[in-house]
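S.K.: The structure is given below, and queries will be raised subsequently.
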Amino acid sequence: MEQARSGAGSIGQRLRELRQKKGLNQQDLASADLSVSYVSLIETGKRAPSEAVLRTLAERVGCSVEYLRTGRDDAKVHELELKIAFGDMAVRNGANGEALQSYSEALASAPFLGETMLRRARIGQALAMEKLGRLEAAIQLLTPLFEDPGTVPGSAEWSQLAVALCRCHRNVGDLTLSVEIGERAMRTLEALGLDVTDDHMQIGSTLISCYHRRGDLTKARLLADRLMGVADETGSRVARGVVYWNAATLAYSQGRHKEALALTERALALLAETDNSRHQAMLKIVYGYLVLENETPDLEHLKTTLEGAHLVLLEVGTATEQARSEALLAQVELRRGEPQQALAHAGRSLGLLRNDSQQEVARARVLLARAQFQSGETAAAQASLESAVRQLEPLPITRVTAQVWRDAGDLWKLLGRPAEALEAYERALTQLGIRAMPAPAEQFVIDRG
C-alpha cells in the first residue's frame with residue numbers, strides 16, 4: 001500500500017507541474033467521468049489513477065502516459081534532442097530563424113529535458129536571437145545563464161556566454177557594460193591561472209573590439225599586442241586569425257593603413273584553410289574597406305571578391321553583416337561611377353538595419369544620401385542627410401560617429417550647404433576630443449567698427 005501511495009504521489013506531482021506550466025486549473029482537467037475532486041486527490045497522491053484516467057490526463061496536459069506514470073519518456077526525449085541538434089546545425093548554417101523555432105519547440109517541453117540539454121537549448125535560443133538582431137531579448141536570456149552558479153568560470157560554455165554577452169551589449173551601444181563584462185572575464189581567467197585556449201582568445205578579441213568602438217585605443221592596442229604574442233605560440237589558426245583581424249581593425253583606426261592591410265592579409269591566410277565560411281566572408285569585407293583606401297584600387301577585382309563574400313553572407317550571415325556588405329558594394333559602385341547600382345546597394349543596406357544600432361543606421365543613411373546625390377537626386381539626398389543628422393545628434397561619442405559626422409560634412413559641402421558642413425565638421429572634431437578655443441572675455445573683444 002505504501003509503495004502504491006508513493007508511486008501515485010509522483011504521478012500527482014508531475015500532473016500538477018505540467019498543469020500549472022500550461023496555465024490550466026483542475027477544472028480544465030475534469031470531465032463527466034473525472035471530477036475535480038478526483039483530480040485533486042490524484043495530485044495530492046491520495047488516489048492512483050487507472051490506465052484510462054492516465055491516458056485522459058496525459059492528453060490534456062500534453063505529455064505521454066509513460067512520462068506521467070514514470071517521469072521518463074525515452075521517445076519524447078530523443079525527439080527533443082533531435083530538435084536541439086537541428087537547431088545547432090541551423091545556427092552554423094546561418095538558418096537562424098529555423099534554429100530559433102527548433103530551440104523554442106524543444107524548450108516548450110522543458111520538463112522532458114535533462115539539465116545539460118536544457119542549457120544547450122537555452123544558449124542556442126539566445127545565440128539565434130542575437131543573429132536575428134533581437135539583441136535585447138538575447139541579453140535577457142544570456143545574463144541569467146552567465147550568472148548561474150552552475151556555469152563554471154573558465155569552461156568553454158562560460159567563455160561562449162561571456163563573448164556573446166559582451167558582443168550583444170557592444171552592438172546595442174552599451175559600450176561601458178560590454179567592456180566591463182569583457183574585462184571581468186579576462187580577470188577571472190588570469191585569477192584561475194588556466195592555459196590559454198581558443199575560447200579565451202575569443203574573449204580577448206571581443207574586448208579589443210569593444211575598446212576600439214569606445215575609443216580606448218591605447219588599451220585596445222596593448223591587449224592586441226599581448227594576444228598576438230600568445231596566439232602565435234599557442235593558438236589555433238582560427239584563434240590567430242581572429243586576433244590578427246581585430247588588430248588590423250585597430251591599426252586602421254589609428255591611421256596605420258599599411259600595417260592594417262598586412263594584418264588583414266595574414267588573417268585571411270590563416271582563416272582560408274578553415275571551414276568557417278562566414279568568418280572568411282566577413283574578413284573579406286574588412287579587406288575591401290582597406291583596399292578602397294588606396295588611390296588606385298583594382299575595382300573590378302575588388303567587386304568580384306566582395307560579391308562572392310556577399311553571397312556567402314546571404315546564406316550564413318546576420319542581417320547586420322549583410323548590411324555592411326551591401327554598404328561596401330555601394331562604395332565600390334560609387335568609385336566605379338555607377339551611382340544607380342550604388343543606390344540599390346545602399347537602399348538594401350539601410351533596409352537590413354532596422355533592428356541595429358542607430359549609429360549603423362545613420363552611417364547607412366549618409367551613404368544612401370551620397371548615392372542619391374551622385375544619381376542627381378539632390379532633394380532626396382538632402383532629406384536622407386537630414387535624417388542621418390537627426391539620428392546622430394543624441395548618440396554617445398565614439399570614433400565611428402565622428403567619422404559619420406565627417407562624411408556628412410563632406411556631403412553637405414557638395415550640396416552647397418556650408419553652414420551645415422561646418423557644423424558637422426565641428427561635431428566630428430569635438431567627438432575626437434579636439435575642441436574649439438574658449439570665446440574671449442567681453443573686455444578683450446576688439447571693436448573693429
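S.K.: Consider Thr296 carefully, then state whether it is surrounded by fewer than 22 Cβ atoms within 10 Å (Cβ to Cβ) and in a helix (DSSP H, G or I).
M.R.: No; evaluated as a whole, the condition is false for this residue.
S.K.: Does Leu311 meet the test of being over 23 Å from Thr218 (Cα atoms), out of contact with any Cys (no Cβ under 6 Å at 6 or more places or on another chain) and aliphatic (A, V, I, L, M)?
M.R.: yes
S.K.: In this structure, is Thr320 hydroxyl-bearing (Ser, Thr, Tyr) and in a helix (DSSP H, G or I)?
M.R.: yes
S.K.: Sticking with this one: Please list, ordered by first then second residue, the pairs with beta carbon atoms under 8 Å, 6 or more apart or interchain, first in segment 376-398 and on the phi < 0 side of the Ramachandran plot, second surrounded by 19 or more Cβ atoms within 10 Å (Cβ to Cβ) and among the β-branched types (Val, Ile, Thr).
M.R.: From segment 376-398, the pairs are Ser384/Val366; Leu385/Val366; Ala388/Val366; Ala388/Val404; Gln391/Val361; Leu392/Thr401; Leu392/Val404; Leu395/Thr401.
S.K.: Sort out which residues of segment 197-255 are among the polar types (S, T, N, Q), over 24 Å from Ala156 (Cα atoms) and within 23 Å of the chain's Cα centre (by Cα), and write them in order of number. Show your work before the answer.
M.R.: Narrowing segment 197-255 to residues among the polar types (S, T, N, Q): 197, 202, 205-206, 209, 218, 234, 236, 246, 249, 253-254.
Add one more test, that the residue is over 24 Å from Ala156 (Cα atoms), and what stays is 218, 249, 253-254.
Selection gives Thr249, Ser253.
S.K.: So if I check each of Ala99, Ala95, which one is at pLDDT 90 or above, in contact with a helix residue (DSSP H, G or I) (Cβ under 9 Å, 6 or more places away or on another chain) and closer than 30 Å to Gly133 by Cα? Outline the logic, then answer.
M.R.: Numbers: Ala95 fails: at pLDDT 90 or above.
The conditions single out Ala99.
S.K.: Hey, another quick one. If only one of Ala323, Ala330, Ala364 is over 28 Å from Glu136 (Cβ atoms), out of contact with any Pro (no Cβ under 9 Å at 6 or more places or on another chain) and in contact (Cβ under 8 Å) with a residue 40 or more places away in the chain, which one is it? Can you show your working first?
M.R.: On the way: Ala323 fails: over 28 Å from Glu136 (Cβ atoms); Ala364 fails: over 28 Å from Glu136 (Cβ atoms).
Being over 28 Å from Glu136 (Cβ atoms), out of contact with any Pro (no Cβ under 9 Å at 6 or more places or on another chain) and in contact (Cβ under 8 Å) with a residue 40 or more places away in the chain holds for just one of Ala323, Ala330, Ala364, which is Ala330.
S.K.: May I ask you to list the residues in segment 137-192 that are of a type in the set (D, E, K, R) and in contact with a Lys or Arg (Cβ under 7 Å, 6 or more places away or on another chain)?
M.R.: Arg170
S.K.: I'm checking my understanding of the structure. Among residues of segment 411-428 that are within 22 Å of Thr398 (Cβ to Cβ) and either loosely packed, with under 15 Cβ neighbours inside 10 Å or in contact (Cβ under 8 Å) with a residue 40 or more places away in the chain (or both), which one is farthest from the chain's Cα centre (by Cα)?
M.R.: Once the filter is applied, the top-ranked residue is Leu422.
S.K.: Give the residue, chosen from Thr398, Thr304, Thr320, that is farther than 28 Å from Leu217 by Cα and among the hydroxyl-bearing types (Ser, Thr, Tyr). Show your work before the answer.
M.R.: Numbers: Thr398 fails: farther than 28 Å from Leu217 by Cα; Thr320 fails: farther than 28 Å from Leu217 by Cα.
Every option except Thr304 fails the conditions.
S.K.: Something else: Are any of the residues in segment 153-168 surrounded by 20 or more Cβ atoms within 10 Å (Cβ to Cβ) and touching a His at 6+ places or on another chain (Cβ under 8 Å)?
M.R.: Scanning segment 153-168, I find at least one residue that is surrounded by 20 or more Cβ atoms within 10 Å (Cβ to Cβ) and touching a His at 6+ places or on another chain (Cβ under 8 Å), so the answer is yes.
S.K.: List pairs: first residue in segment 152-169 and touching a residue at least 24 places away in the same chain (Cβ under 8 Å) and of a type outside the set (A, V, I, L, M, F, W, C), second residue in a loop (DSSP other than H, G, I, E, B) and surrounded by fewer than 21 Cβ atoms within 10 Å (Cβ to Cβ) anywhere in the structure, Cβ distance under 6 angstrom, at least six positions apart or on different chains.
M.R.: Matching pairs, first to second residue: Gly154/Leu194.
S.K.: Helices (runs of 4 or more DSSP H) wholly in segment 12-78 with at least 1 residues that are of a type in the set (A, V, I, L, M, F, W, C), surrounded by 14 or more Cβ atoms within 10 Å (Cβ to Cβ) and modelled with pLDDT of 85 or more - which ones?
M.R.: Because the criterion is at least 1 residues that are of a type in the set (A, V, I, L, M, F, W, C), surrounded by 14 or more Cβ atoms within 10 Å (Cβ to Cβ) and modelled with pLDDT of 85 or more, the helices (runs of 4 or more DSSP H) in segment 12-78 that meet it are 26-29, 36-43, 51-61.
S.K.: Among what's in segment 228-273 and is modelled with pLDDT of 85 or more and among the charged types (D, E, K, R), pick the residue that is surrounded by the most Cβ atoms within 10 Å (Cβ to Cβ).
M.R.: Arg266
S.K.: What residue, among those in segment 170-194 that are of a type in the set (Gly, Ala, Ser) and free of Cβ contacts under 8 Å to residues at least 40 places away in the same chain, is nearest to Lys131 (Cα to Cα)?
M.R.: So in segment 170-194, the residues of a type in the set (Gly, Ala, Ser) come out as 173, 178, 182, 185, 191, 193.
This time we only want the ones that are free of Cβ contacts under 8 Å to residues at least 40 places away in the same chain, so: 178, 182, 185, 191, 193.
Details: Ser178: 17, Gly182: 20, Ala185: 22, Ala191: 32, Gly193: 32 Å.
This residue is Ser178.
S.K.: Looking for something without any contact (Cβ under 8 Å) to a residue 24 or more places away in the chain and assigned to a loop (DSSP other than H, G, I, E, B) - is there at least one such residue anywhere in segment 208-217? Even if it seems obvious, please write down each step before you answer.
M.R.: Quick first cut of segment 208-217, residues without any contact (Cβ under 8 Å) to a residue 24 or more places away in the chain only: none.
No; the residues of segment 208-217 include none that is without any contact (Cβ under 8 Å) to a residue 24 or more places away in the chain and assigned to a loop (DSSP other than H, G, I, E, B).
S.K.: Which residues, taken from segment 331-360, are part of a helix (DSSP H, G or I) and of a type in the set (A, V, I, L, M, F, W, C)?
M.R.: Answer for segment 331-360, where residues must be part of a helix (DSSP H, G or I) and of a type in the set (A, V, I, L, M, F, W, C): Val332, Leu334, Ala342, Leu343, Ala344, Ala346, Leu350, Leu352.
The values are calculated or read from the model by the stated rules, or taken from the named source; none is laboratory data. Because the structure is a prediction, the values reported are computed rather than measured. Neighbour counts are summed over all protein chains in view; Cβ atoms, including those assigned to glycine, are modelled from backbone coordinates with ideal geometry.
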